[in-house]
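What follows is a set of notes on a single structure, which appears directly below.
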Amino acid sequence: MAGALLDVVFQESIVLIPQIGKIVSIDPDGKDRISPLMDSPGMVIREKKTSTYEALLLRIGNTLYEVKSEPDGLVLLNELDSSHVRAHIQTGTRVEMRFGFERISASIASLGMVHAHILRVPDPSEPRTFCLLFDSYSPKPTKARLLFLGAPVEATDNPLRADLEVWTRTGCPPIDVQGGVIAVAHKSSIWVGPKESGLLIHLEGLLEGHESAEAIALDEDGKTLACALLSHHGKGLRILRVDIQPWLNGYPPRDPKRAVLAMAELNPRLPSGVPEPDLKRDVHPYRISPQLDRLVAKASGIREGRIFEYFMVADLVWK
Amino acid sequence: MTDIFFPEQGLCVTMRGFGELSIWELPNGVLRATYQAPRVIPIRVHRWGNTDAEELWFLSNEAKPSLSRVYVTGFPSLAAEEGIVFSGEARIVPAQDGLRILWEGWQRAKAAHRVPLSDPYTGRLEGVVAIEGSNGLQAVLVLRSWYRRCLMLYERGKRPVVFPEVGANGVEINGVEIARREQDVLLSVIEKREVRLFILPGWKSLLKFKAEPSDIICAAFPVPAGAWREMQKDGIGVILARSEKSEEGKPRAYFALRIFDIDERTVLEMQIGSVDASPDPQPYARVSPDRRFLVVESPYFRQVFRLPSE
């Protein structure tokens, strides 16, 4: 488990990469800084605060910490005050206690722990919280449950709006919510839907058979989607910007390739002292920034017979 | 797997157990889109006065079950509803542990039936077919499964009964088909290599058809007397698949429609079409409620055939 990727978070110009055991922060020059994280969180919460700032909360044991980056790349873990903690733990408890709790509590008993990755959006429309439940932070697609949660008006209301079985990466899950639309990489492909519908439509015909969707991000209106597609035949990475509105209307285009609006090239900002990666072979994308202008990827390169593995931030140059 | 037809929209919806929902265009059988949907129990509703169409409803099997109706125009939507409303006062509503059938509405809730999500004797709820009559809800068919499948019949004022001798060999909700004969309902049930025809009320068995060893039963539907040419008595239409080798030695599946009455007199026998593949021993197939289309799916193909009209 050590080193397992939890998420990638954009806080202004700083990128935070929480992992089990450490949190890496990367500043605008590509310089990285490592802070220790001595335990494994049971819950990771990412909340969009502004178009350029995402809050990151980690629940470790029964305590909720907010992870904040300083402009110099220093990472601070602030224990949230008890009222804040209670509110968030209640959310967590509700996830475990109220939603199909027979099944989930049974799996807690047998598996020991259910992890949750929660995405919260400030959007006033329902649902507002998206919770992925899974056994462990996996770098490869695995079975998970994606719950759409609304704010119950009364305590007896059922906040569950949808409950989907998905096959997705649970370490930094490729899920995004913007402008009333949810996008998920499910079964290595891309699925989107109006979030109130509780259904996801497959963007069929967009990927080549040898590609898998590794990172996805919606624009602020939920009308276009940026995606990083990785070839498993050594053909490298494709980063596309796609008009998803025909799918959201329920009438997918006959020629999905024509929905592609632009393609991006990578302009990497490497940490100092690392060998340059082969952009075709040695880059594994994890997340695209909410403004669709940066990609965070794991890269590797060889220097003097030694393999270097590191996270890098690359600017996306759209063409 | 469940197929539901929306003839007004020219669509067929296929639901698979793991929450995948596909929408196909009729008559060409082109896949319009695939969706990931919640895992639900499908409810097929046959309305009185509209025998050509059907409604699709979902019962969510969460800790607190809820009902929603599925609309397929544009991006499909699930409209949450408090219950399925039938003529008269009848309702099907979600209950703490499944469904309640309120035959005479909320006023006489004591006369209701309970359809639990899970039951120690008959297993878990797999699917529901609700049949509206001229005045209220006429009958509800419930498919349950455990180590075997069973089809249960719910009627107003009667104890729910398990269809006799049906289920041991596996019934699918697709294999349960209805037709109207005045106020009565004819019901056909496919059970692997057999089709049985019943009449409601009562579940009196009218006919049992066994396929020949070389034939595979794909789909079946009841045919009321008078519905087809000189057909004097009730009967059934059966879609049979047969595998033959082409001249190059490749397998080819041929589909034929056979209609016969309860005296086993064949009224019609004709070829529907063929595909370049072996038929599955238990294909997923359904004939549309207006009997215009046949949808057949196996691991190797999915095809829509047009059925002959009278």
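A few points about this structure:
- Region A:167-198 - residue that is at pLDDT below 95 and within 22 Å of B:ASN61 (Cβ to Cβ) and, of those, farthest from the other protein chains (Cβ to nearest Cβ): A:LYS195
- Among the residues here, B:VAL93 qualifies as more than 10 Å from every other protein chain (Cβ to nearest Cβ), free of Cβ contacts under 8 Å to residues at least 60 places away in the same chain and either among the acidic types (Asp, Glu) or part of a strand (DSSP E or B) (or both).
- Among all residues of region A:148-162, there is none that is within 12 Å of another protein chain (Cβ to nearest Cβ), modelled with pLDDT of 85 or more and surrounded by fewer than 21 Cβ atoms within 10 Å (Cβ to Cβ).
- Any hit, region B:35-49, residues being surrounded by 19 or more Cβ atoms within 10 Å (Cβ to Cβ), facing chain A (nearest Cβ under 7 Å), under 23 Å from B:GLU126 (Cβ atoms) and without any contact (Cβ under 8 Å) to a residue 12 or more places away in the chain: no
- Tallying residues that are at the interface with chain A (Cβ under 9 Å from one of its Cβ atoms), part of a strand (DSSP E or B) and under 14 Å from B:PHE6 (Cβ atoms) within region B:62-72 yields 0.
- Among residues of region B:20-34, those that are closer than 18 Å to B:ARG306 by Cβ and buried (at least 20 other Cβ atoms within 10 Å of the Cβ), counted: 1
- Residues satisfying the stated conditions in region B:21-56, i.e. under 24 Å from B:VAL142 (Cβ atoms), assigned to a strand (DSSP E or B) and over 16 Å from the mean Cα position of the chain (by Cα): B:LEU21, B:VAL40
A quick yes/no check of all residues on (1) farther than 17 Å from A:PHE10 by Cβ; (2) not charged (D, E, K, R):
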site: A:PRO275; (1), (2): yes, yes
site: A:ARG281; (1), (2): yes, no
site: A:HIS284; (1), (2): yes, yes
site: A:ARG287; (1), (2): no, no
site: A:LEU292; (1), (2): no, yes
site: A:ALA297; (1), (2): no, yes
site: A:SER300; (1), (2): yes, yes
site: A:ARG303; (1), (2): yes, no
site: A:PHE308; (1), (2): yes, yes
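- Counted as qualifying within region A:1-48 are the strands (runs of 3 or more DSSP E) with 3 or more residues that are buried (at least 23 other Cβ atoms within 10 Å of the Cβ) and of a type outside the set (S, T, N, Q), namely A:14-19.
- Check on B:GLY123, at pLDDT below 95, crowded, with 16+ Cβ neighbours inside 10 Å and within 19 Å of the chain's Cα centre (by Cα): no
- Residues in region B:1-19 that are more than 9 Å from chain A (Cβ to nearest Cβ) and within 21 Å of A:ASP163 (Cα to Cα) were compared, and the one that is surrounded by the fewest Cβ atoms within 10 Å (Cβ to Cβ) is B:GLY17.
- Strands (runs of 3 or more DSSP E) wholly inside region B:99-150 containing at least 1 residues that are among the small types (Gly, Ala, Ser): B:123-133, B:136-145
- Selection of region A:161-182 for residues being hydrophobic (A, V, I, L, M, F, W, C) and over 17 Å from B:GLY19 (Cα atoms) yields A:CYS172, A:ILE175, A:VAL177, A:VAL181, A:ILE182.
- So B:GLY127, is it under 30 Å from B:GLY170 (Cα atoms), more than 11 Å from chain A (Cβ to nearest Cβ) and in contact with a helix residue (DSSP H, G or I) (Cβ under 7 Å, 6 or more places away or on another chain): yes
- Filter result for B:ALA285 (closer than 30 Å to B:GLU55 by Cβ and either surrounded by fewer than 19 Cβ atoms within 10 Å (Cβ to Cβ) or in contact with a helix residue (DSSP H, G or I) (Cβ under 8 Å, 6 or more places away or on another chain) (or both)): yes
- Consider region A:99-145 and keep the residues that are touching an Asp or Glu at 6+ places or on another chain (Cβ under 9 Å), among the basic types (Lys, Arg) and closer than 20 Å to A:ARG161 by Cβ. The one that is modelled with the lowest pLDDT is A:ARG120.
So that you can scan it fast, the table gives a plain yes or no per residue for (1) more than 14 Å from chain B (Cβ to nearest Cβ); (2) closer than 30 Å to B:SER22 by Cα; (3) among the basic types (Lys, Arg):
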site	(1), (2), (3)
A:ILE239	yes, yes, no
A:VAL242	yes, yes, no
A:PRO252	no, yes, no
A:LYS257	yes, yes, yes
A:ALA262	yes, yes, no
A:GLU265	yes, no, no
A:GLU276	yes, no, no
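- Candidates B:LEU59, B:LEU78 - the one that is part of a strand (DSSP E or B), in contact with a Gly (Cβ under 7 Å, 6 or more places away or on another chain) and within 14 Å of chain A (Cβ to nearest Cβ): B:LEU78
The values are calculated or read from the model by the stated rules, or taken from the named source; none is laboratory data. This one's a predicted model, so the numbers in the text were calculated from it and none came from an experiment. Counting neighbours? That spans all protein chains shown, and the Cβs are built from the backbone with ideal geometry, glycine included.
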